Amino acid sequence: MEYSAGFTSEGWFQQEIEYTLDQLHKGFRRKEIRSKVIEDNVFLLRSESAISKRFQMVYRRAKTLYPTLSEYYFNGTNSDQKVLLLYSFLKCYRYAYENFYELIVYRYQHRNGTLQVSDMSFYMEEKEQQSEKIANWHIATKRKINSTLLLFYRESGMIELLEDEYKVSPLHVSQALKQFAEEQDVLLKAIITLKAGS
């Protein structure tokens with residue numbers, strides 16, 4: 001997977017992903033769902049191009065959950081849903097995926113589970129040394145990437161702001177999702193436990 005700064009316009013998009021998963025469950029194909037979304041302005045956006053752009057992101061993330069994980073999404077707890085929305089985001093973007101493992105999991109295991117906003121910038125600087133593509137991202141893009149990542153970590157409940165730093169915590173999910181993650185999905189297990197490896 002290539003590095004992409006494309007997730008600067010990503011959002012939590014819970015309702016949009018739920019709608020798309022529901023349509024997939026009903027047997028509709030990508031093209032049919034896209035047509036419905038545009039015709040009925042399901043995402044409540046002003047222009048067809050904005051709807052198309054949002055749909056592309058939402059569909060891509062929904063496909064990481066469909067069919068297997070969508071059952072856990074619809075039958076699970078609110079916490080299960082949050083974990084799966086974070087999972088769908090991390091599955092789609094290499095930088096986000098690596099940031100989760102190399103910064104969040106590392107911080108939880110080795111740095112008393114605390115994270116400061118400056119850690120995001122330092123991490124970005126490290127990645128710039130490894131990738132010319134990242135080094136060439138505009139400064140405003142880099143800021144937006146860091147704020148998008150923090151948004152996802154906050155929304156999922158993985159980090160919580162306490163005074164001037166974030167506390168990183170494992171996520172509480174249903175036993176069913178936890179068991180599935182243990183047996184079937186390394187990334188999902190890491191998101192739930194904040195531990196890398198087996």
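Of the residues that make up the range 71-80, is at least one in the same structural domain as ARG154 (by TED's automatic domain parsing) and within 16 Å of TYR153 (Cα to Cα)? Taking every residue of the range 71-80 in turn, none turns out to be in the same structural domain as ARG154 (by TED's automatic domain parsing) and within 16 Å of TYR153 (Cα to Cα). What's the total number of residues in the range 168-198 that are touching a Gly at 6+ places or on another chain (Cβ under 6 Å) and surrounded by fewer than 17 Cβ atoms within 10 Å (Cβ to Cβ)? The total comes to 1. Scanning the range 58-80 for residues that are closer than 20 Å to GLU10 by Cβ and either surrounded by fewer than 20 Cβ atoms within 10 Å (Cβ to Cβ) or in contact with a Lys or Arg (Cβ under 7 Å, 6 or more places away or on another chain) (or both) turns up TYR59, ARG60, LYS63, THR64, TYR66. Cβ-Cβ distances below 7 Å connect the following pairs, each with a first residue in the range 1-30 that is outside the structural domain of MET124 (by TED's automatic domain parsing) and in contact (Cβ under 8 Å) with a residue 40 or more places away in the chain, a second residue that is outside any helix (DSSP H, G or I) and among the polar types (S, T, N, Q), and a separation of six or more residues or different chains: TYR3/SER131. Filtering the range 9-48 to residues that are hydroxyl-bearing (Ser, Thr, Tyr), under 23 Å from the mean Cα position of the chain (by Cα) and surrounded by fewer than 16 Cβ atoms within 10 Å (Cβ to Cβ) leaves only SER9.
One residue alone among GLU183, GLU160 is among the charged types (D, E, K, R) and in contact with a strand residue (DSSP E or B) (Cβ under 6 Å, 6 or more places away or on another chain), and that residue is GLU160.
The values are calculated or read from the model by the stated rules, or taken from the named source; none is laboratory data. From a predicted model like this one, the values you see are computed outputs, not experimental measurements. As a convention, Cβ positions derive from the backbone with ideal geometry for all residues, glycine included, and neighbour counts pool all protein chains shown.
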